[in-house]
Structure formats: C-alpha cells, structure tokens
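Below: one structure, written as structure tokens.
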C-alpha cells in the first residue's frame, strides 16, 4: 500500500508541473489581462523630433523661402498678438500704392502715438521712400501712421486694405486693426500667416535692401540728422541673415521674423511670444538648424 500511495503521489506532481507549463486557455471564458492605463501627463506630443530646434517662443515656424514648404513648426496656427512684425504688411502695401517718390506731409494725428517714434513733426514733408526705409529699419509707429493716412485716408481704411491684402496672400487666420501693431482687442495673426507675409515681402528688392541695412543716417527737413540702427540683432550675429522685422508689446511678448540665405538655400523663421533673453537665441537656432 505504501508503494502504491507513493506512486500516485509522483504521478500527481508530474501532472501539476505539466499543466503549469501550458499556455493559458484563450477563449470567452478565459480571464483577460487588465489594460495598461496611460495618464494624460505621461503623454508628450509636444516633444520635438530628434534634431529639431528647441525654442522658448510660444509660436514658431521655419519655411523654405522659395517653395514655402514648412520645415519646422510649433503652435504655428495659434492666433496671437504679433506686434510690429505686422509692419511688414504695412510696408508691402506702401510699395504697391504708387511711386515711393511721392511726398507725404505729416499731420498732427500721425504724431499722437507711443512708444516707438522717430519724432517726425506736423507740417514736415518727406518722401514715402524716406518714411518707409525708416519704418523697416527703426520701426517708428509715427511713420506707420503717416504712411497709412497718406495712402488710405485713415487708420481704419488702411486696416481694411491690410486685411484685403492678407487674404489675397493666403493669410486666413489674421485680423489687422492698425498699421503699427500696437495692441487692440480683436487684432491677431499667427506664425504661419506672418511667414506667408514675410515670404512675399522678401521678394521685393527695395524692402529686402531696407531689411538688410544695419544702420544709416536719417535726415529731417530742417537739416537735423539722426543715425538709426536696425532693431534686428541677428543681422550682426549671423553673416548670412538677410534681415526682416522685430516686434514687442506686453500682449505679444518678444517677436522676430528673420531670414537667411546660405549656399543657395533660403529660409524664413518666425518666433512669436518669446522673451528678451531668448528671442535672439530662438531665431538664431532656427536659422542655423535650417541652413546647416
């Protein structure tokens, strides 16, 4: 009896071991493993692809200057204040509105604007060309108002022209209310729209020459002169930077549209909503990355 009980025990242990090695039964009655839950904070779709620039700007984009193809983007379709970068649209409209040699007489209403001004005075007369070059290089808000009034009769009428021109360029997420970019409720654009605008502006030889000017002497009608320096520091930081436009307000943060050409390749980079410490680094990173 003892031997029989021993033999039964051996057989039982063998069956248990064999069953443990079998895969679990699959079928409707088999227990299913619990799903793995991913918490929202574990998902990071905003992480950049390997090798792309990491920028502080809240919205940014890099496009090919020739084809318009998007090379890099970050919140590029998010509407936001864009400050003086919209002066590129003002400048484009001025070049399309008749001869730049046309005289413009300043009115008092043109001077009632802050904070960035060239301090032109009511009754002074300049050519459109003189005001436009200073607008692009130094970004004077009084210059923008004088040019807008001269062309359209009023700030409001000029804003209507801005929006019409923007739509014609394919800027579908913008609304402009003034020619200088100071904050107004309901005025906005996007990094993508500003890049579309910049690509069009870069094709204009006169504006391209203005945007590349690091400094020059502005002459007032009474003979006074003033050396004005381009607000775009990337012109000095990168030898292949071809200019474009700065902008800053409390609502927009620091903004910069920059362009560069190297080894036959040209790109446009837009950074919106950066800060004073990082705006230049953001733009330099994007240009270097795209033109390496």
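Computed from the coordinates by the stated procedures, all read-outs in this text should not be read as laboratory data. These numbers were taken from a predicted model, which means no experiment stands behind them. Neighbour counts run over all protein chains shown; Cβ positions are idealised from the backbone, glycine included.
Taking packing as the residue-averaged number of other Cβ atoms within 10 angstrom, the listed peptides 258-268, 133-143, 69-79 run from highest to lowest as 133-143, 258-268, 69-79. Packing, taken as the mean count of other beta carbons within 10 Å per residue, orders the peptides 99-105, 122-128 from highest to lowest as 122-128, 99-105. Full extension of the chain between residue 112 and residue 265 gives 50.8 nm of extra length, using 0.36 nm per residue less the Cα-Cα distance.
Extending 7 Å from the Cα toward the beta-carbon at both residue 102 and residue 278 defines two label points whose distance is 4.3 nm. Decide, for the range 166-292, between rounded, prolate and oblate: order the square roots of the alpha carbon gyration tensor eigenvalues as a ≥ b ≥ c, take rounded if a/c falls under 1.5, and otherwise choose prolate if a/b is larger than b/c, else oblate. The shape class here is rounded. Please work out the Cα center distance from the range 252-284 to the range 146-197, rounded to the nearest Å. Cα centres, the range 252-284 to the range 146-197: 21 Å. Convex hull volume of the Cα atoms of the range 70-172, normalised per residue: 119 Å³.
Taking label positions 7 Å along the Cα-Cβ direction at both residue 175 and residue 119, the computed distance is 3.8 nm, reported to one decimal.
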